[in-house]
Structure formats: C-alpha cells, structure tokens
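I have a structure I would like to understand better, so I am pasting it below and will then ask my questions one at a time.
The values are calculated or read from the model by the stated rules, or taken from the named source; none is laboratory data. Nothing here was measured: the structure is a model prediction, and the numbers come from that model. Virtual Cβ from ideal backbone geometry, glycine too; neighbours counted across all protein chains shown. What goes into the accessible areas is simple: the full protein's heavy atoms, side chains included, and nothing from ligands, DNA or RNA. Shrake-Rupley method; radii C 1.70, N 1.55, O 1.52, S 1.80 Å.
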Amino acid sequence: MCYCPTNRLKFPWLKLLFSSVIFIVSQHNYADTPDMSNLTDNPDRVVVSILLKGEKIDGNLNSVVIPLKQAGRLFMIEAKINEQEGNLIFDTGATELVLNRTYFRKYSSYEKQAGGGITGSMSKVYGTILKKIDVSGLFYNQVAADLADLGHIEDKRGVKILGLFGVKMIDNLEVIFDAAHSELRLNRVDEDGNRLDPDANNMQYEFTQKLDTRCNFMMIRGRINDKELYFCLDTGAEINVLSNNIPKKAMGTVLISRRSNLGGSKSGSVEALYGTMKQFEFGNYQFGSMGTVIIDLSSMCEAYGCSIDGMLGYDFWQKGVFCFNYRKKEISFNVVKGDLK
C-alpha cells in the first residue's frame, strides 16, 4: 500500500518509453524563484486564449481543432516558445508543462525538490516561468514549467522536442482526443465545465464516467477479470503499464511474451515483463487485446501519494474517441474497436 505524503507533492512528468521510465516529483517554492518580482498573476493558474492566425480573439472563438503529428507512438503538437519552434508531446501523464533543457538552458531557473525513478535514481529538478506560449492556436500567459533532459526522446524519434504538454495546460478546457485520426479538439468551458459554445461538438457518446483527479492526474477505475483497478490515463505512454502487485486473478489473464530490463533516468534497471492484456474493461466495454509491460510501481505510488495499478497508453487510445472534462471530472467515449460486454 502506498502512503500519502503530508506535504503537497506534485508529479510534474512521467514518461514511459521503451528505452526508459523516468519521473519527477516536485514541490513549487516560488519564494526561491529568480526574477519573480514582475509577475502579477499566480503562475499555478494557467491563463489560455484561443487564437486565429496569430491574432487574439476575444470571446468569439470557443473551439479549435489541432492536428497531431506522430513520431512512433507519441502524439505531438506544434508549438512556439519565444523564438524556439518545435513540438510538444501531448502527455496527460504529466501534471504540467515540462521543457527540454537543451533549448532553454539560458532561462532563469530555480532548484526544486529532487525527483526519483522506478530504479531509485535521483536527479535535480529545476523550474522556470514562461511569459508567453503559442501552441497551435492556443495562447498561454505566465506558465510555470519544469526543465528536464529530454534528449533521449529526441534521439529515439529523430524530431525536435521542446517539451511535454501536460494536464495543467488543458484542465480548463474540454478535450476530445481522436488518436486514430491524430486529432485534438479543444473547447472553452465555463467554471462549471460547460461549453461556452454548446454547438461546438455534436457527437453523442456511448458511455460517461467520473474522472478521479485527486493526484492532479486523470484516473479511472477499470477491471481485469472482475478485479477493480486504478489506472492513470496517459496519452504520452507508448505502451500500457500494469503493476506487478495486482491481484493474481487479474495477472493470470495477461499473456507474457518476454522478459527484459528497463533502465531508469540514470544508472540501474528494473525487471519488466512484456505481454498482452486481454480482459481489460472500462464501463460496459471490453477493449480487446492491448500490449502491456509489467513493472514494479511502488516508487511511483509514493510519488503520487496514492495507489495506482497501471497506466493506459497508446493501445488504449487507439480503441476509440475520448472526451475528458477536468472541471466536470468526467470522461466520455465511443469505442471504435472493442466489443460491448
């Protein structure tokens, strides 16, 4: 059982790649941030406006459709941060914005609480404040971001990665994610999560369930062989993840194909089992066969401050069209591939 820390922890980024699994836990301490005297807004609250052709629209444009680029199993959004142009990985496994240190080394930064990974590796974490970001039609002011080395992702995929586009960047929007067609639709909502333009999307969804956002992530309750498990919804995970500590009744349904070692952010590695998850259910739907990796998630549970049994990644998102509304704490979806139970 994972413990709940007494201090307010955040989990700024978690990336699961075939080459590595790394994550950071941090606690904001803006009193130690350099050059903060000119900030007038709370950097914990992201302010977002929708733009059209680079011109800010006031109250007239409430929806935008963003085409997603793919590099392997990663979904990317084109972005411009100051003079840097490149890609942000769409990653709901990250709580906020994470910048690739390669391109932002000269930015004023401040040291934050150190992070750890599944191998126990520790590394220093730094944060910074960005005055303005343009993300494919979204305009952000004064955004707090973490700085991290993401060079291994660039090396693996051969594309310019500016950073990770996390949950805090979309938690005041309704998000419709169509992975099969590489499309992201974002709708502005009011304080209660209702669309400002009710006609922006007329799609009817077959299923709606509450989201659990207690750990600053989007989490759901799923089932494997009638055992209820907690999963993080992670658009940045290239493969589904299961804890090696889930009940035997659930584990027995996973077809193991191979065993390997998975490296962390620095030295050390952990044992990983690769296989196929066959009986995952969410709502009244069985999602069919999905690739998965089984690892020890105990360190990750400590980082979350709550129990987590796994993460749902690429194969899961390919199964349908998903709409998540952080303010309403709801997720709706239509299954494209899968069988009604």
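Across region 234-241, in residue order, what do the Karplus-derived ³J(HN,Hα) couplings come to in whole Hz, using 6.51 cos²θ - 1.76 cosθ + 1.60 with θ = phi - 60° and x for Gly and Pro?
10, 5, x, 8, 7, 7, 5, 10
Among the listed pairs Lys106/Lys131; Lys168/Lys329; Lys168/Lys319, which have their C-alpha atoms separated by more than 18 angstrom in this model?
Violating the 18 Å Cα-Cα cut-off are Lys168/Lys319.
What list of ³J(HN,Hα) values in whole Hz, one per residue of region 136-148 in order, does the Karplus curve 6.51 cos²θ - 1.76 cosθ + 1.60 (θ = phi - 60°) give from phi, with Gly and Pro shown as x?
Karplus-based 3J(HN,Hα) across region 136-148 equals 6, x, 10, 10, 10, 10, 6, 10, 6, 9, 8, 10, 8 Hz.
Pull up all non-local amide H partners of Leu138: gap of 5 or more, or a different chain, and H-to-H distance under 5 Å with H placed in the peptide plane.
It is Leu51, by chain and number.
Relative contact order, percent, of region 173-216 when contacts are C-alpha pairs under 8 Å separated by at least 6 residues?
With pairs under 8 Å counted, the relative contact order is 25 percent.
May I ask which residue of Leu196, Ser260, Gln209 lies farthest towards the positive end of the charge dipole of region 134-267, with charges of +1 (Lys, Arg) and -1 (Asp, Glu) on Cβ and the Cα centre as origin?
Ser260
Net charge within 9 Å of Glu85 by Cβ-Cβ distance, Lys/Arg positive one each and Asp/Glu negative one each, not counting Glu85 itself?
0
Roughly what would the spin-label model give for Gln84 and Arg223, points 7 Å off Cα along C-beta, in nm?
4.6 nm
Continuing with the same structure: Hey, how many Å between the Cα centroid of region 290-313 and the Cα centroid of region 183-241?
The distance from the Cα centre of region 290-313 to that of region 183-241 comes to 18 Å.
Name the residues whose placed amide hydrogens come within less than 5 Å of the amide hydrogen of Asn240, ignoring near sequence neighbours (fewer than 5 apart) on the same chain.
Val293, Gly313, Tyr314, Asp315
Give a residue-ordered list of calculated ³J(HN,Hα) values for region 305-318 (Karplus: 6.51 cos²θ - 1.76 cosθ + 1.60, θ = phi - 60°; whole Hz; x for Gly, Pro).
Working through the residues one at a time gives x, 7, 6, 9, 9, x, 10, 9, x, 3, 4, 5, 5, 6 Hz.
Once neighbouring chains are kept in place and the probe is 1.4 Å, which whole percent of the accessible area of region 175-231 is contributed by carbon and sulfur?
Its accessible area is 36 percent carbon and sulfur atoms.
Still on this structure: Evaluate E = 1/(1 + (r/R0)^6) for Gln286 and Asn194, where r is the Cβ-Cβ distance and R0 equals 35 Å; express this FRET efficiency to the nearest 0.05.
FRET efficiency, Gln286 to Asn194: 0.65.
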